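The values are calculated or read from the model by the stated rules, or taken from the named source; none is laboratory data. None of the values given here were measured: they were computed from a predicted structure. Neighbour counts are summed over all protein chains in view; Cβ atoms, including those assigned to glycine, are modelled from backbone coordinates with ideal geometry. Protein only, heavy atoms only, side chains kept; ligands, DNA and RNA dropped before computing areas. Shrake-Rupley method; radii C 1.70, N 1.55, O 1.52, S 1.80 Å.
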Amino acid sequence: EHREGMTTLVRYEPAALPSRQRLIAELTRGRVLHVVGLGLLLLASSGLALAGPQLLRMFIDHATLGRSLSLLVAIAVGFLAISLAEHVLAVVVAYASTHVAWVATNELREKVARRALDLDMSFHDRHTPGELIERTDGDVTALSTFVSSFVVQVVGSLLTLLGVLVVVFLEDWRIGLAMVGFVLVAAVTVGGLRNLAVRPAIERRAASAKLFGEIEERLNSAEDLRANAGGAHVM
């Protein structure tokens, strides 16, 4: 469908628009164990991110108190081990989230392609093959990249943030309360601004698909264009 300068393969009425929960359920269907395993990896990664600074504090406190060198060495070795494990775990989390995202979105690619092939010829007359390929593969690839980045960056950072708030509350409840207030204000601000990027992102994907469609059509007809001296016009 072509509407307001934006091309879509499927039109959803407002009442039938899938919610975020339905989309997540669709992407994670049959992959519960993978998602649970990824969640455990994120918890472990967040725990290591909190443990490192605590060991560093212990090292400074014991060094200030003049504790034995063997104890300081043991703390330093533990800090290095946690730092190494944190970096290794970050790679594992990135790999696991990307794998889950690609496997889930591959099925979505098939559904979108099947939907495009089932549409009537009037639809295909209005949209070039290159445009449809870009919308079928490019849009889903963008979704896959977003899902994998979202899991690693947003969910992982959220877990770490919750851990930081707990640690700060244990140190000083007044500072912890101030940080909770700051986090709430930041969350409300981000939540209010996030929708501003939705429409420009949709228009960007539509423009990208149209561009790739034009390029694909011109490349496929290169011989005919040369034969008819149309190369200059195309350029």
Only one of Leu108, Leu143, Leu119 is of a type in the set (A, V, I, L, M, F, W, C) and more than 27 Å from Gly37 (Cα to Cα). Can you tell me which?
Leu119
State whether the residues of segment 164-180 include one that is more than 30 Å from Leu48 (Cβ to Cβ) and either open to solvent by 40 Å² or more (accessible area, probe 1.4 Å) or without any contact (Cβ under 8 Å) to a residue 60 or more places away in the chain (or both).
no
Somewhere in segment 45-59, is a residue more than 38 Å from the chain's Cα centre (by Cα) and either of a type in the set (D, E, K, R) or outside any helix (DSSP H, G or I) (or both)?
no
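In segment 124-140, what residues are in a helix (DSSP H, G or I) and hydroxyl-bearing (Ser, Thr, Tyr)?
Selection gives Thr136 alone.
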Subset tally (residues that are surrounded by fewer than 20 Cβ atoms within 10 Å (Cβ to Cβ) and farther than 14 Å from Thr98 by Cα) for segment 132-154:
4
Residue satisfying condition, being modelled with pLDDT of 80 or more, surrounded by fewer than 16 Cβ atoms within 10 Å (Cβ to Cβ), within 16 Å of the chain's Cα centre (by Cα) and over 30 Å from Val88 (Cα atoms), within set Ala201, Ala227, Ala222:
Ala201
Condition test on Ser70, is it hydroxyl-bearing (Ser, Thr, Tyr), free of Cβ contacts under 8 Å to residues at least 40 places away in the same chain, assigned to a helix (DSSP H, G or I) and farther than 30 Å from Ser149 by Cβ?
yes
Kindly evaluate Ala232 against the criterion of being within 25 Å of Ser45 (Cα to Cα), open to solvent by 40 Å² or more (accessible area, probe 1.4 Å) and not acidic (Asp, Glu).
no
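Those residues that are part of a helix (DSSP H, G or I) and surrounded by 14 or more Cβ atoms within 10 Å (Cβ to Cβ), I need them from segment 112-123; list them, please.
Result: Val112, Ala113, Ala116, Phe123.
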If you go through segment 145-185 one residue at a time, how many are within 20 Å of the chain's Cα centre (by Cα) and among the small types (Gly, Ala, Ser)?
4
